[in-house]
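> Questions regarding the structure given below will be posed in turn.
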Amino acid sequence: MQHVEHLIAGDWIAGRDPFTVVSPYDDTPVTTAPAAAPHEVAAAVTAARAAQPGWAATAPATRCEALRAAATALETGTDTLAGTMSAEMGKPVTEAAASIAAGVATLRQYAELGQLHGGRTLAGDPTALDFMLRQPRGVVAAITPWNDPVAVACGLLGAALVTGNAVLYKPSERTPATGWLLTRTLAPHLPPSVLSMLSGAGPTGAALAESAVDVVAHVGSTATGRWIAAAAARTGAKTLLENGGSDPLIVDRDVDPAWAATHAALGAFANAGQVCVSVERIYVHEAVADGFLAALAKEAAGYGIGPLVDVRHRAAVHAHVADALTAGAVAVAGGVIPDGPGAYYPPTVLANCTDDMRVVEAETFGPVAPVVTVASFDEALRRASRSPYGLAATVLTASMTNAQRAAWALDVGTVKINAVFGGAPGGAAHPRRGSGQGFGYGPELLDEMTAAKVVHLEEPPQGW
Ligand code: NAD
């Protein structure tokens, strides 16, 4: 059992109002964690505000060196952290270790990019000097989810810290010990109060979002993101929102249905469907629909996944499935809550789905593949784009024409052709509509964490 503490003003503090996280494998308690009250949030903001100018005045190369050292410490501590992450949110330990490795790589990437991040010189009057520089925004609140807790936090923290901001980090209440261990690993490499950690649930996050910070960076659900945007509109803080998705997968008439099913299964069932860019709905051409459904049902039956994060989330996932079944969908795999302890839910494939079902329209965030049959590729493109979300989309097709049309037509930030996951390093996209705003990752996140200033510098008059 782990006992989480806050890190406020450079001190580890036991805190109050503890809550307990139970194992998604067997319901046993794994973590107790305190919930930071508004006065504790305010104390952390004040300390961060005081520490930030010194950090901003530190040479970028020194800040980069600190981040590099923190990355090495994180790599060294992978086994313990992976065990804790797995115990809190159900990701198998090997997958947890891989996601920590991704976090280490992200910290190292920002440690290199940080020292190259600057402004540009302007073509002004030759007797003057005109240039743009980038300055840290100040104090950044980083509010993160549980589904990939270390990799997501490393992105926001790495980019904010390397550019000279102080960070107030609030990990998810579902993975508090993971966030606490991550902070214990990173903070010793930074000056006191440059990184603080506040444990707690929604009310702690809300207090942070309403406080006098300069940026609120939130990765999490759309509902929370909208609440934060409204709070920040009142304080004047900049918001950076990476929120929910309902990513479509389009299966064209000219692909091998068995091959398409392997991609669909990976997209819908990886991390038990708890990935922001999980496949949430599938539009399959009627020419290959039967073969595809049969192959996907087979994939689902053999697909090994861990439990969902907790039974509360499982109930929400199952409610979407149950609604769809009532409205005429047919479960060709899964769809039933298993007996026994933990928060397990089987890989589920639903046939005969329609766009108005919640399982198609909303984000289910579970191992569920709702399949809609369409008569043409055009119809698939149209229905795929009609969504309150605009995160990413995948198209499986043998036609270069259809691939290029889809790349233009799909109203989302990321389009993947013939692979559900993957992409070159350094790619970054703007999420659209309910999926958020701003660059949440990639080199452009360094721009988000800094403000541009333009300087015009003339010589003083001669002869004084
Ligand atoms: P969530 O929004 O419920 O929680 C995320 C964080 O926000 C937690 O730390 C939580 O305590 C905090 N929070 C809750 N209410 C708050 C409030 N009123 N003010 C401030 N903070 C508050 O999301 P979740 O359930 O933890 O995560 C799952 C969601 O995250 C899914 O929708 C998923 O798609 C999304 N996600 C998106 C991305 C992306 O890059 N777009 C990546 C990972 C997860």
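The values are calculated or read from the model by the stated rules, or taken from the named source; none is laboratory data. In this text, all values refer to a predicted model and were calculated from it rather than measured experimentally. Here the Cβ positions follow ideal geometry from the backbone for every residue, glycine too, while neighbour counts run over all protein chains shown.
> Quick one: which residue in P347, P307, P338 is more than 23 Å from E173 (Cα to Cα), crowded, with 20+ Cβ neighbours inside 10 Å and assigned by TED's automatic domain parsing to the domain that holds A270?
Values: P307 fails: more than 23 Å from E173 (Cα to Cα); P338 fails: crowded, with 20+ Cβ neighbours inside 10 Å.
Criteria check complete, one pass: P347.
> Could you check the range 199-227 and list, in sequence order, the residues that are near the ligand (Cβ under 6 Å from one of its atoms) and farther than 24 Å from T163 by Cα?
Answer for the range 199-227, where residues must be near the ligand (Cβ under 6 Å from one of its atoms) and farther than 24 Å from T163 by Cα: A201, G202, A206, S221, T224, W227.
> Another one. What number of residues in the range 182-198 are under 19 Å from V21 (Cβ atoms) and either within 16 Å of the ligand (Cβ to nearest atom) or surrounded by 24 or more Cβ atoms within 10 Å (Cβ to Cβ) (or both)? I'd like the intermediate steps shown before the answer.
As a first pass, look at the range 182-198 and keep what is under 19 Å from V21 (Cβ atoms): 182-184, 197-198.
Then keep just the ones that are either within 16 Å of the ligand (Cβ to nearest atom) or surrounded by 24 or more Cβ atoms within 10 Å (Cβ to Cβ) (or both); that gives 182-183, 197-198.
Of the residues in the range 182-198, 4 are under 19 Å from V21 (Cβ atoms) and either within 16 Å of the ligand (Cβ to nearest atom) or surrounded by 24 or more Cβ atoms within 10 Å (Cβ to Cβ) (or both).
> Can you tell me which residue among A61, A48, A69, A42 is outside the structural domain of L308 (by TED's automatic domain parsing) and either assigned to a strand (DSSP E or B) or buried (at least 23 other Cβ atoms within 10 Å of the Cβ) (or both)? Give the derivation first.
Values: A61 fails: either assigned to a strand (DSSP E or B) or buried (at least 23 other Cβ atoms within 10 Å of the Cβ) (or both); A69 fails: either assigned to a strand (DSSP E or B) or buried (at least 23 other Cβ atoms within 10 Å of the Cβ) (or both); A42 fails: either assigned to a strand (DSSP E or B) or buried (at least 23 other Cβ atoms within 10 Å of the Cβ) (or both).
After applying the criteria, what remains is A48.
> Also, I was wondering about something else. Identify, from the list D79, D125, D130, the residue that is away from the ligand (no atom under 16 Å from the Cβ), surrounded by fewer than 20 Cβ atoms within 10 Å (Cβ to Cβ) and closer than 30 Å to G422 by Cα.
Details: D125 fails: closer than 30 Å to G422 by Cα; D130 fails: closer than 30 Å to G422 by Cα.
After applying the criteria, what remains is D79.
> Taking the conditions exactly as written (among the aliphatic types (A, V, I, L, M), within 8 Å of the ligand (Cβ to nearest atom) and either surrounded by 22 or more Cβ atoms within 10 Å (Cβ to Cβ) or at pLDDT below 95 (or both)), does V162 satisfy them or not? Can you show your working first?
Numbers: among the aliphatic types (A, V, I, L, M): yes; within 8 Å of the ligand (Cβ to nearest atom): no; either surrounded by 22 or more Cβ atoms within 10 Å (Cβ to Cβ) or at pLDDT below 95 (or both): yes.
Taking the combined requirement at face value, the residue does not satisfy it.
> Moving to a separate point now. Restricting attention to the range 416-464, which residues are of a type in the set (A, V, I, L, M, F, W, C) and more than 26 Å from A229 (Cα to Cα)?
Let us first name the residues in the range 416-464 that are of a type in the set (A, V, I, L, M, F, W, C), namely 417, 419-421, 424, 428-429, 439, 445-446, 449, 451-452, 454-455, 457, 464.
Residues satisfying the conditions are I417, A419, V420, F421, A424, V454, V455, L457, W464.
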